[in-house]
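> Pasting a structure below so you can have a look.
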Amino acid sequence: MTPNSGTGTSATRRLGVLVIVLVISLALFGLQFSAEDVVQGSTVRIMYVHVPSIWTAYIAFFLTAVCSGVYLSRRQRSLAWDRVAGASAEIGVLFVAVSLVTGSLWGRLTWGTYWVWDARLTSTAFLFITYVGYLAVRRLDGTHRQRARRSSVMALLAVLEIPLVHFSVNLWRSLHQDASVADPNAKVKLDGLMLFSLFLGLVTFTLLFVWLVLHRQRTMLLEDSFADRGLDVAIAERRNEAGVQ
Amino acid sequence: MSSVKSRRTIVVAVARKDLSIEWNSRILTNQVAPFAAIVMVMFAFALDNEGILQRVAPGLMWLATLFSMLIVVQRSFTVESADGALDALRVAGVDTGAIFVGKSLALMVQLFVLEVLLLATAVVLYGVEMTAVGLLEAFVTMVVATAGLGCVGTLYGGLAAGAKGRETLLPLLLLPVVAPVLIGATRATEAAFGSGGTAVSEGWPWIGLLAVFAVIFAVAGTVAFGPLVDE
Amino acid sequence: MDHAAFILGSWIGTAVAVIAYAAWVLRRGRALSKHASTEEKPWT
Amino acid sequence: MDLTPRTNDESSVASKKKRRWIPIVMVVAAMSAGGVVVTKFLTSAIDYYCNVDEVGSRAGCEGDRRLRVQGIVEEGSVQQQDGGTSFVMVFNLEKIKVVYAGDPGGVFQECIPVVAHGRVVDGTFESDRIEVKHSNSYVEKNKTRLDTANEEAAACSVLEG
């Protein structure tokens, strides 16, 4: 692999190696070193991917909103902000989906049911479909600037759902438990290595997210400039891609 | 101010134009309404089980409304983009906010007609029994929910108008946004129907939520319709 | 480990989803950048 | 309808600026109103369950409708026979007997909070679905250093403590 092929740089490659090391250590701590829970048994191990993935999704959607706000507020509107917003939202949708799936597996073992329509689960499902809609708006026909303006407005509105999702367990009674670490009463309710594993998960997933966003927004830049150059190049590229496969 | 008056004439003219096109084509009465009724009947086939239909009648009624709404919105903008009518109005310097309000009103009228029909279907087909207050509540729910749906439908219909593959894109755009209306209107209608032992009084806060939704999208649509549909 | 299918399933499912997405992004980036000039790749 | 191009008749900068702010203020006001409706008036509708002591007393928890009731499974009350389960659910000193046709799933055990779906029939709660409500504390199993026979008692003290 030559250094300049694809969307990688030496910085992203170093970050990628770090992420791989962290993922391996997360698996060791989450699946091996940390203890079982007194009530849940080993089911608690699902938490080390479930909580970090929804945390990453929150960060992703927050970043989308910040970038959209910057895009709209600058006089010299730069599409780079829009691309970071789009990349971030796409990865956020991926992580909400992961969080919903792992959460329902955990729920089947602990609650005895995959899904209930309580405040937390309903609002999370709502967050998910909202951002699927956001990605659909980005795919609408139009210039890049139109895409950026439409999606920025939508991102700024959609991000308001995040506090609703996060505090839904405090506002209403739900089957889903309250937050254990980010508890308003500031009493951490996890024992030793469980807490460490959870934090390791948060760090790992956050860095993984950064790595993904860096690459995705670069492919988006390429997609945009190809669209600008016109169809003929894109067709040639398609043909080439099909030849490679 | 004279501009307020002229804006009102534009609103009325646009709404009347849309409604008269619909009236002349008879698509709403000959195709969309039968479609919605068939959806309700199919639900009845699928869920023919003691007690279930009465319990889920409100949700089915609103689902059928949303499905029909996708068709109506699609039509409302196919008519515009087919002969470039929207562009003509814009080039003529007509206020886009007024176009938005006019088209929304036309959409609301059509949706309301559909909902009345669906409500009657639910009452007849699913054996729903309502008190007088419940009927009033169902009526208010329909008015407020329709206001919200009309605004959202026009805003997103305008966005998707002329886009490639809009037939499949519009549901993807529209359904996530109207999810709150589905929840709120279903809960309020449940209270009105008294399904599952709910009291009529439980529906009013949901109607409040629907009203908030309608106000947000009415304002946002009036302001943003021009810039979003433009260019 | 009790319920190993669920627990490993959720870990492996997460890994597969993320790796599939990352692989898609990387492959697309590589395919597109073959035809891109240096000015179109400001990170190089 | 008059379709001639219009000259901008509200061109003064001040009124334009004002008109840009009005919709934003209106949307913000409507959103705050929505927040108030959701958090103040809709709580009983969005709340997933009623507590045992609220059955028949809180609005939305009337005894004659289908309910979801939350309480803690009383120690020593779980009985299983003929494939069915019965136990006593307690919350805020109020108790209710629950009968359930089947074996509750999840991590059902004594001293754990559960949510039962069903109806009150002659003072007994006839449930057709039981969900275990997990608390937000996670305790290492080895820490209690107890053999498996005492594990449920340990869970009791952890959950009540």
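> Run through every distinct alpha carbon pair of region B:2-229 and return the Kirkwood hydrodynamic radius in angstroms, one decimal place.
18.1
> How big a patch of accessible area, both sides summed and in Å² to the nearest 100, lies buried between A and D at a 1.4 Å probe? Present the calculation step by step, with values, prior to reporting the outcome.
Details: alone 14100 and 11620 Å², together 22620 Å².
The buried area between A and D, both sides summed, comes to about 3100 Å².
> Which angle from 0 to 90°, rounded to the nearest 10, does the C-alpha axis of helix A:192-229 make with the longest principal axis of chain A?
It is inclined by approximately 20 degrees.
> Next question. What does the average come to when, for each residue of peptide A:42-49, you count the partner chain Cβ atoms lying within 10 Å of its Cβ?
6
> Considering the Cα positions of chain A, please state its Rg to one decimal place and its Dmax as a whole number of Å.
Cα-based Rg and Dmax for chain A come out at 20.3, 63 Å.
> Can you pull the accessible area of A:Thr110 for me, 1.4 Å probe, Å² to the nearest 10?
About 0 Å², rounded to the nearest 10.
> Take region A:1-144, drop everything but the C-alpha atoms, weight them equally and run the Debye formula without solvent; then report log10 I(q)/I(0) at 0.13 Å⁻¹ to two decimals.
-0.79
> With each pseudo-label sitting 7 Å past Cα toward Cβ, what's the A:Tyr114-A:Ala27 distance in nm, one decimal?
It is 2.6 nm.
> Return a whole-number percent for the relative contact order of region D:50-136, with Cα pairs under 8 Å and 6 or more residues apart as the contact set. Intermediate values should be presented prior to the final figure.
Values: 199 pairs, mean separation 24.4, N = 87.
It comes to 28 percent, rounded to a whole number.
> So what is the calculated 222 nm ellipticity per residue for chain A, using -39500 (n - 2.57) for each DSSP H run with n of 4 or more, over all residues, to the nearest 500 deg cm²/dmol? List each step's numbers first, then the result.
Values: 8 runs with 176 residues, N = 245.
For chain A, the value works out to -25000 deg cm²/dmol.
> Could you run the Debye sum over the Cα atoms of region D:50-136, one equal point scatterer each and no solvent, and tell me log10 of I(q)/I(0) at q = 0.10, 0.12, 0.14, 0.18 Å⁻¹, two decimals?
Evaluating at q = 0.10, 0.12, 0.14, 0.18 Å⁻¹ gives log10 I(q)/I(0) of -0.21, -0.30, -0.41, -0.68.
> Taking chain A as a Gaussian network, Cα atoms linked when under 10 Å apart, which of A:Trp172, A:Trp211, A:Trp81 shows the biggest mean-square fluctuation?
A:Trp172
> Among A:Ala65, A:Ala35, A:Ala87, whose mean-square fluctuation peaks in a Gaussian network model of chain A (Cα, cutoff 10 Å)?
Result: A:Ala35 has the largest fluctuation of those listed.
> How tilted is helix A:10-28 with respect to the longest principal axis of chain A? Cα atoms for both, answer in degrees (0 to 90, nearest 10).
20
> Let me test this: with uniform point scatterers at the alpha carbons of region B:184-231, what is the Debye-based log₁₀ I(q)/I(0) at q = 0.17, 0.27 1/Å?
-0.56, -0.86
> Next question, about the same structure. Per 5 Å bin, what is the whole-percent P(r) computed from every C-alpha pair distance within chain C?
For chain C, the pair-distance distribution reads 5, 19, 15, 14, 10, 10, 8, 7, 6, 4, 2, 0.
> Defining a contact as two alpha carbons under 8 Å apart and six or more residues distant in sequence, what relative contact order in percent does chain B show?
Numbers: 265 pairs, mean separation 61.5, N = 231.
Across chain B, relative contact order equals 27 percent.
> Round to a whole number: what % of the accessible area of the protein assembly as shown belongs to carbon and sulfur, probe 1.4 Å? All intermediate terms of the calculation are to be shown ahead of the outcome.
Details: 19850 of 31490 Å².
Here carbon and sulfur together make up 63 percent of the probe-accessible area.
> For chain C, take the longest principal axis of its alpha carbons; what is the angle in degrees between that and the long axis of helix C:4-33, to the nearest 10 within 0 to 90?
It works out to around 10 degrees.
> For chains C and A, what's the summed buried accessible area, probe 1.4 Å, to the nearest 100 square angstrom? Before the final figure, lay out each step's value.
Numbers: alone 4310 and 14100 Å², together 14890 Å².
So the buried area, both faces added, is about 3500 Å².
> Please identify which residues in region B:208-231 have an amide N closer than 18 Å to a label point set 7 Å out from the Cα of B:Val133, following the Cα→Cβ vector.
Only B:208 fall inside the zone, counting backbone N under 18 Å.
> For all pairs of alpha-carbon atoms in region B:11-106, what percent lies in each bin of width 10 Å, listed from the first bin to the last filled one?
Cα pair-distance distribution for region B:11-106, in percent: 14, 37, 24, 16, 7, 1.
> Pop out a list of residues from region D:76-106 that are at least 40 Å² less accessible with all the protein chains around than in their chain alone; 1.4 Å probe, no ligands or nucleic acids counted.
For region D:76-106, once contacts with the other chains are taken into account, D:Gly106 lose 40 Å² or more.
> Tell me, what is the 1.4 Å probe accessible area of A:His166, in Å² to the nearest 10?
Only protein atoms counted, so the area is about 50 Å².
> If you don't mind, there's one more thing I want to ask. So, taking all protein chains as they sit and a 1.4 Å probe, how much accessible area belongs to B:Ser195, in Å² rounded to tens?
In the full protein context, B:Ser195 sits at about 20 Å².
> Report the net charge of residues surrounding B:Thr168, where surrounding means a beta-carbon distance below 15 angstrom and charges are Lys +1, Arg +1, Asp -1, Glu -1. Mind showing how you got there, number by number?
Numbers: positive: A:Arg139, B:Lys164, B:Arg166; negative: A:Asp141, B:Glu167.
That works out to +1.
> State the percent of C-alpha pairs, over all pairs in the protein assembly as shown, separated by a distance greater than 38 angstrom. Could you put the intermediate results ahead of the total?
On the way: 105381 of 231540 pairs.
Of all Cα-Cα distances in the protein assembly as shown, 46 percent exceed 38 Å.
The values are calculated or read from the model by the stated rules, or taken from the named source; none is laboratory data. All values derive from a computational prediction rather than experimental measurement. Positions of Cβ are backbone-derived with ideal geometry, glycine not excepted, and every protein chain shown enters the neighbour counts. Just so you know, the surface numbers come from the protein's heavy atoms only, side chains and all, with ligands and any DNA or RNA stripped out. Shrake-Rupley method; radii C 1.70, N 1.55, O 1.52, S 1.80 Å.
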